[in-house]
Amino acid sequence: MFDIGFWELLVVGVLALLILGPERLPGAMRSTINTIRSVRNVATGFKQEVEHQLRVHELHENLKKAEQQGLKDLSPELEQSVDELKKAAESVQEPYKKQ
């Protein structure tokens, strides 16, 4: 990802040690690592949300196509999307069914 070699890391480490001192360096490293982790988590969450929204949009478009065809003689892709949407609708209605 980054083109950083051993000597560059060594220079950054020595500079950080000189600027922050040995007392504050471990805390600064922990803080930096925690920040990087949180940024990665936010990026991963954003990526997953975008993928989910794209999938929902794809299912919605496939449902429109299936409705235009009258839900008859559907391609396997459209039929799979319709089945997936039916299962999702049933799972949402499940808690509200009387026993």
**Message:** Using the Karplus curve 6.51 cos²θ - 1.76 cosθ + 1.60 with θ = phi - 60°, what ³J(HN,Hα) values do you get for each residue of segment 66-77, in whole Hz, with x for Gly and Pro?
**Reply:** 5, 5, 5, 8, x, 6, 10, 6, 7, 5, x, 5
**Prompt:** Short version: ³J(HN,Hα) in whole Hz for each residue of segment 11-23, in order, from phi by Karplus 6.51 cos²θ - 1.76 cosθ + 1.60 (θ = phi - 60°), x for Gly and Pro, what are they?
**Reply:** 5, 5, x, 5, 4, 5, 5, 5, 6, 8, x, x, 6
**Message:** Could you check the spin-label model distance between Thr44 and Ser31? Points 7 Å from the Cα along Cα→Cβ, value in nm.
**Reply:** 2.5 nm
**Complete:** HN-Hα couplings for segment 34-49 via Karplus (6.51, -1.76, 1.60; θ = phi - 60°), in whole Hz with x for Gly/Pro, come out as 4, 5, 5, 4, 5, 5, 4, 5, 5, 5, 5, x, 5, 4, 5, 5
**Request:** Using a 1.4 Å probe over the heavy atoms of the protein chains, calculate the carbon and sulfur portion of the accessible area of segment 22-89 as a whole percent.
**Result:** 57 percent
**Request:** Can you pull a Stokes-Einstein diffusion coefficient for the chain at 20 °C (1.002 mPa s), Rh from Kirkwood over Cα pairs, as a whole number of µm²/s?
**Result:** 114 µm²/s
**segment 22-89 - accessible surface per residue (Å², probe 1.4 Å)** = 84 Å²
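The values are calculated or read from the model by the stated rules, or taken from the named source; none is laboratory data. Just so it is clear, the structure is predicted and the values come from calculations on it, not from any experiment. Neighbour counts run over all protein chains shown; Cβ positions are idealised from the backbone, glycine included. Accessible surface areas use protein heavy atoms only, side chains included; no ligands, DNA or RNA. Shrake-Rupley method; radii C 1.70, N 1.55, O 1.52, S 1.80 Å.
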